[in-house]
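Each value in this text was obtained by applying a stated rule to the coordinates, not by laboratory testing. Predicted model, so just to flag it, every value in this text is computed and none were measured. FYI the Cβ positions are ideal-geometry reconstructions off the backbone, even for glycines, and counts take in every protein chain you see.
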Amino acid sequence: MIAHVVLFRLKAHLAESQRDGLAEALLHATRQIPSIRRVRVGTRATLGRAYEQLMTTDYSFAAILEFDDRTGLQSYLDHPMHEQLAHHFYASVDQALTYDFEMWETRRRDREDSPRRVEAPPRLQTAAALSGSLNVLSRRRCQPATVYADEGRS
């Protein structure tokens, strides 16, 4: 599994319409790009730990897009809907970092409820779930969410 991790900070005086535009662009991309398996969007959580003070930039938001493999990520990056999303994204953010990671899971031997490796994640819930999670961006709520690209695809 490949995780496309985007840390970002919105522009300070970003209009609500621009936040909504970014949220809509992510919603449309998630619906239209078949290689996206899951999208998670959330806000930064701080616990007052020493490592938090070491961060040189405060990225308020994170978006994590999951793909089955490198080919899926490349399909996403080459898709015209990604271009539209990138246009809204770069017009809306003050700063951002983007990294791609190959991910794997480990299993704890001492727990019965430890995660099991899942080769193909469920093919996604509803567009309403994605739209609701995007309220994090459009209304600055602090409600992290897991959302799935779904059957709303054309």
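Look at where the Cα atoms of region 69-109 and of region 1-64 average out, and the two centres are 11 Å apart. Here's the picture: a label point sits 7 Å out from the Cα of Q74 along the beta-carbon direction, and within region 22-49 the residues with their amide nitrogen under 16 Å of it are 35-36.
Taking all C-alpha pairs of region 1-58, those more than 13 Å from each other amount to 74 percent.
Placing dummy labels 7 Å off each Cα toward the beta-carbon, the span from R49 to Y99 is 1.5 nm.
Using C-alpha pairs below 8 Å separated by at least 6 residues, the relative contact order for region 1-109 is 53 percent. Here S92, S17, S75 are placed in order of increasing Cβ neighbour count within 10 Å, fewest first, which gives S17, S75, S92.
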